[in-house]
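The values are calculated or read from the model by the stated rules, or taken from the named source; none is laboratory data. Since the model is a prediction, treat every value here as computed from it, not as a measurement. Positions of Cβ are backbone-derived with ideal geometry, glycine not excepted, and every protein chain shown enters the neighbour counts. All accessible areas refer to the heavy atoms of the entire protein, side chains included, with ligands and DNA or RNA removed. Shrake-Rupley method; radii C 1.70, N 1.55, O 1.52, S 1.80 Å.
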Amino acid sequence: MAATYTPVHWNRHKKIYDLGIGAGIALYIGVFIAVASATGSASANTSPEILIISALGACAFFMLHVILAIGPLARLSPAFLPLLYNRRHLGVSFFLIAFSHAAYATIWYHAYGVLNPLVSLFVSNPRYDAIGSFPFESLGAFALLIFFVMAATSHDFWLNNLSAVVWKSVHMLIYPAYALVVLHVLLGAASGHGGSALYVWTVAAGFAAIVTLHVTAGVVQYLRDKSHERMIAVGWIDAGPAREIPENCARVVSVPGGEGIAVFRYDGKVSAVSNRCAHQMGPLGEGRIVDGCITCPWHGWQYDPATGRSPPPFVEKVATYDVRMASGRVFVNPKPNALGTPAEPAKIG
Amino acid sequence: MSAREFYVGYLSMPPRLRWTVRGLVLLLLALVALDAWLVASMQPAAGKGTWADAPQEYAGTLTRRPYPMLRVKTQAGIKTYLLVSDEKRGAEAALGVTPDGPVKLSGFPITRSGLGMIELAANDVAVISETAAIEEPAREVHGTVTLEGEIVDSKCWLGVMRPGEGHLHKACASLCIRGGIPPMFVTRGRGSDVPALMLLTQADGSAVPPELIIPFVADAVRVTGTIEKRGDLWVLKADLSTLARIK
């Protein structure tokens with residue numbers, strides 16, 4: 001978290017993360033070129049330009065799968081949270097690799113002719129009415145446009161100015177963009193030169209892995225929410241025995257039709273805040289109390305549990321909820337207070 | 001990661017989590033190498049075409065119809081080279097008003113499957129008046145056949161793009177043929193008596209107007225035509241009204 005905007009708030013973890021991204025990209029492209037151009041292989045005589053275009057495209061496609069897998073994996077196990085922390089840099093790196101693939105392919109296949117390369121990209125293959133010969137390049141171009149918008153807004157400046165909800169909506173476009181890229185690969189590289197069944201199965205396996213991870217994370221989250229739903233007649237929510245909440249941790253309770261509420265236990269008392277971080281709507285209830293502040297598991301943004309406000313000089317706020325204790329159980333008023341409104345913590349008997 | 005450990009990006013990583021993350025990163029790098037190896041091993045065959053880096057000098061007889069060609073005397077006999085310009089353009093503009101007959105020129109040789117092409121190095125094709133022209137070889141008609149195969153642009157297929165055929169290369173092939181590169185027909189599943197590679201012309205032997213074949217370029221097609229051998233060059237004089245996709 002930061003009180004001012006700078007291009008990157010570097011820390012040790014981010015530097016190591018970025019070195020890892022660079023090493024992964026170098027490894028992918030190095031192995032790809034070495035294998036595809038190996039003496040004796042059918043592709044050994046491939047033009048160097050086509051080899052690089054293919055390597056960049058395959059590398060970008062793999063990176064997109066990693067990016068899409070990190071989110072649900074982090075929901076399933078906190079061990080993946082360090083991979084989520086700097087996913088933004090992975091996203092921008094992916095865009096640069098995908099853009100390089102697109103730019104190089106456009107120059108190599110569409111420049112130096114009698115048409116403008118960007119016109120040729122869409123008209124040189126006119127078979128929009130056919131599946132087998134469909135101009136797959138256009139699908140990649142539209143996906144790249146979405147990735148550009150996402151990469152260009154991958155900064156807290158845009159997050160704050162667009163609002164978390166709008167920003168998140170824009171970045172959810174990664175799913176239609178992923179669908180476009182899957183079709184781009186299936187109708188392009190996977191079906192080129194007579195097609196390869198193994199290539200199609202490889203793409204299908206990646207797609208199935210992403211779908212399975214998202215569905216599993218969704219089901220697990222649903223079951224968590226379901227198990228915490230304990231409504232009582234007077235309208236307050238029974239969040240269960242306070243002593244069952246681990247010290248400095250939270251239990252998340254759900255409000256039908258509303259957002260989740262994170263009930264934290266700390267220093268012999270409990271407080272409740274919205275489960276959505278003001279930064280990227282991360283799950284605050286999966287965070288901890290660190291240095292007296294609720295700390296988001298995604299990017300470490302912090303809030304005072306009693307006020308829902310970030311410690312000065314930071315200015316972020318989340319909604320608080322009124323809490324009370326009865327017979328050792330925590331009850332939460334499901335009506336949220338205004339963002340950053342102090343709510344008296346309830347003392348545990 | 002133990003139950004009590006909690007990760008915050010800007011703080012030191014908890015010790016047990018550190019080992020878990022190292023393991024995950026190693027696993028991810030192994031996946032990186034595995035995917036790169038798998039996808040690279042599925043790359044299509046590139047053919048054995050070549051495209052020389054250095055220009056060579058040629059002296060021979062220029063013929064501009066149906067497509068610009070140069071016949072050159074070699075120790076092995078008369079060799080026919082197709083002529084193209086740089087980029088994705090045919091040689092017509094570079095040849096200007098140069099008439100059929102003896103010329104000198106320089107260019108980059110492109111070769112595949114015994115067929116040669118010259119990419120003109122510059123617009124400096126010089127007429128040689130003191131040399132006798134090499135006569136056009138006799139035309140041997142090898143009958144009318146219906147063939148299955150693919151229309152390719154000769155420049156890419158012969159060696160400039162490797163691979164230079166199929167769906168991935170469709171847009172480029174269309175652009176090349178639109179720019180005047182001679183189209184060729186590559187047969188598939190051919191019998192031993194049918195050549196694999198033939199220059200494509202209309203039924204009357206004239207150059208194919210690009211707009212007639214561009215929608216079919218790089219697709220699997222069937223066409224009926226007459227096969228003709230002109231020296232070392234095979235020509236398919238195609239009845240383009242029979243041109244149709246086969247899948």
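Between residues in segment B:157-169 that are open to solvent by 20 Å² or more (accessible area, probe 1.4 Å) and in a helix (DSSP H, G or I) and residues that are at pLDDT below 90 and of a type in the set (A, V, I, L, M), which pairs lie under 8 Å by C-beta distance while being six or more apart or on different chains?
If the second residue must be at pLDDT below 90 and of a type in the set (A, V, I, L, M), the pairs left are B:168/A:189.
Any idea which of (1) open to solvent by 20 Å² or more (accessible area, probe 1.4 Å); (2) outside any loop (DSSP other than H, G, I, E, B) is the one residue B:106 doesn't satisfy?
It fails just one condition, (1).
Within segment A:64-76, is even one residue in contact with a Gly (Cβ under 9 Å, 6 or more places away or on another chain), open to solvent by 40 Å² or more (accessible area, probe 1.4 Å), more than 7 Å from chain B (Cβ to nearest Cβ) and at pLDDT below 90?
Looking for residues that are in contact with a Gly (Cβ under 9 Å, 6 or more places away or on another chain), open to solvent by 40 Å² or more (accessible area, probe 1.4 Å), more than 7 Å from chain B (Cβ to nearest Cβ) and at pLDDT below 90, one finds at least one in segment A:64-76, hence yes.
Residues are listed down the side, and each one gets a yes or a no for (1) in contact (Cβ under 8 Å) with a residue 60 or more places away in the chain; (2) not in a strand (DSSP E or B):
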residue: B:180; (1), (2): yes, yes
residue: B:185; (1), (2): no, no
residue: B:199; (1), (2): yes, no
residue: B:206; (1), (2): yes, yes
residue: B:223; (1), (2): yes, no
residue: B:226; (1), (2): yes, no
residue: B:229; (1), (2): yes, no
residue: B:234; (1), (2): no, no
residue: B:239; (1), (2): no, no
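Being assigned to a strand (DSSP E or B), crowded, with 18+ Cβ neighbours inside 10 Å and aliphatic (A, V, I, L, M) is the filter here, so list the residues in segment B:109-135 that pass it.
B:110, B:115, B:117, B:118, B:120
Condition first: outside any helix (DSSP H, G or I) and of a type in the set (Val, Ile, Thr). Now tell me which residues in segment A:91-141 satisfy that.
A:114, A:131
Within segment A:123-156, count every residue that is among the aromatic types (Phe, Trp, Tyr), open to solvent by 70 Å² or more (accessible area, probe 1.4 Å) and farther than 17 Å from residue A:87 by Cα.
Total meeting the criteria: 2.
Kindly indicate whether residue A:303 is over 28 Å from residue A:70 (Cβ atoms), open to solvent by less than 10 Å² (accessible area, probe 1.4 Å) and of a type outside the set (A, V, I, L, M).
No; evaluated as a whole, the condition is false for this residue.
Collect the residues in segment A:1-22 that are within 8 Å of chain B (Cβ to nearest Cβ) and either in contact with a Pro (Cβ under 7 Å, 6 or more places away or on another chain) or in contact (Cβ under 8 Å) with a residue 60 or more places away in the chain (or both), keeping them in residue-number order.
A:13, A:14
Any residue in segment A:79-94 that is within 11 Å of another protein chain (Cβ to nearest Cβ) sitting within a Cβ distance under 9 Å of a residue that is basic (Lys, Arg) and open to solvent by 30 Å² or more (accessible area, probe 1.4 Å)? List the pairs, counting only those 6 or more apart or interchain.
A:82/B:18; A:85/A:14; A:86/A:14
Given A:6, A:39, which one is outside any helix (DSSP H, G or I), polar (S, T, N, Q), open to solvent by 40 Å² or more (accessible area, probe 1.4 Å) and outside the structural domain of residue A:210 (by TED's automatic domain parsing)?
A:6
So which residues in segment A:323-344 are open to solvent by 50 Å² or more (accessible area, probe 1.4 Å) and of a type in the set (Phe, Trp, Tyr), if there are any at all?
none
Considering only segment B:13-57, state which residues are among the aliphatic types (A, V, I, L, M), touching a residue at least 24 places away in the same chain (Cβ under 8 Å) and surrounded by fewer than 16 Cβ atoms within 10 Å (Cβ to Cβ).
Of everything in segment B:13-57, those that are among the aliphatic types (A, V, I, L, M), touching a residue at least 24 places away in the same chain (Cβ under 8 Å) and surrounded by fewer than 16 Cβ atoms within 10 Å (Cβ to Cβ) turn out to be B:52, B:54.
How many residues are buried (at least 19 other Cβ atoms within 10 Å of the Cβ), among the acidic types (Asp, Glu) and under 25 Å from residue B:73 (Cβ atoms) if we restrict to segment B:136-156?
Residues that pass the stated criteria total 0.
If we keep just the residues of segment B:204-219 that are surrounded by fewer than 18 Cβ atoms within 10 Å (Cβ to Cβ) and within 22 Å of residue B:173 (Cα to Cα), which is nearest to the other protein chains (Cβ to nearest Cβ)?
Per the criteria, the residue is B:215.
Have a look at A:52, A:29, A:33, A:25 and point out the one that is buried (at least 18 other Cβ atoms within 10 Å of the Cβ), away from chain B (no Cβ under 11 Å) and assigned to a helix (DSSP H, G or I).
Checking each option against the conditions leaves just A:52.
State all residues of segment B:178-197 that are modelled with pLDDT of 95 or more and either among the polar types (S, T, N, Q) or open to solvent by less than 10 Å² (accessible area, probe 1.4 Å) (or both); if no residue qualifies, say none.
B:181, B:182, B:183, B:184, B:185
Any residue in segment B:39-58 that is more than 21 Å from the chain's Cα centre (by Cα) and in a strand (DSSP E or B)?
Yes, segment B:39-58 contains at least one residue that is more than 21 Å from the chain's Cα centre (by Cα) and in a strand (DSSP E or B).
Would you please name the residue that is most open to solvent (accessible area, probe 1.4 Å), looking only at residues in segment B:58-89 that are touching a strand residue (DSSP E or B) at 6+ places or on another chain (Cβ under 6 Å) and of a type in the set (Gly, Ala, Ser)?
So, considering only residues that are touching a strand residue (DSSP E or B) at 6+ places or on another chain (Cβ under 6 Å) and of a type in the set (Gly, Ala, Ser), the one most open to solvent (accessible area, probe 1.4 Å) is B:59.
Would you tally the residues in segment A:327-338 being out of contact with any Asp or Glu (no Cβ under 9 Å at 6 or more places or on another chain) and free of Cβ contacts under 8 Å to residues at least 60 places away in the same chain?
Selection size over segment A:327-338: 2.
Exactly one of (1) of a type in the set (Val, Ile, Thr); (2) modelled with pLDDT of 95 or more; (3) surrounded by fewer than 23 Cβ atoms within 10 Å (Cβ to Cβ) is unmet by residue A:294. Its number?
That leaves (3) as the condition not met.
Being over 18 Å from residue A:137 (Cβ atoms), surrounded by 16 or more Cβ atoms within 10 Å (Cβ to Cβ) and touching a helix residue (DSSP H, G or I) at 6+ places or on another chain (Cβ under 9 Å) is the requirement here; does residue B:175 meet it?
Taking the combined requirement at face value, the residue does not satisfy it.
Which of the residues spanning segment B:6-17 are facing chain A (nearest Cβ under 9 Å) and either at pLDDT below 75 or in a helix (DSSP H, G or I) (or both)?
B:17
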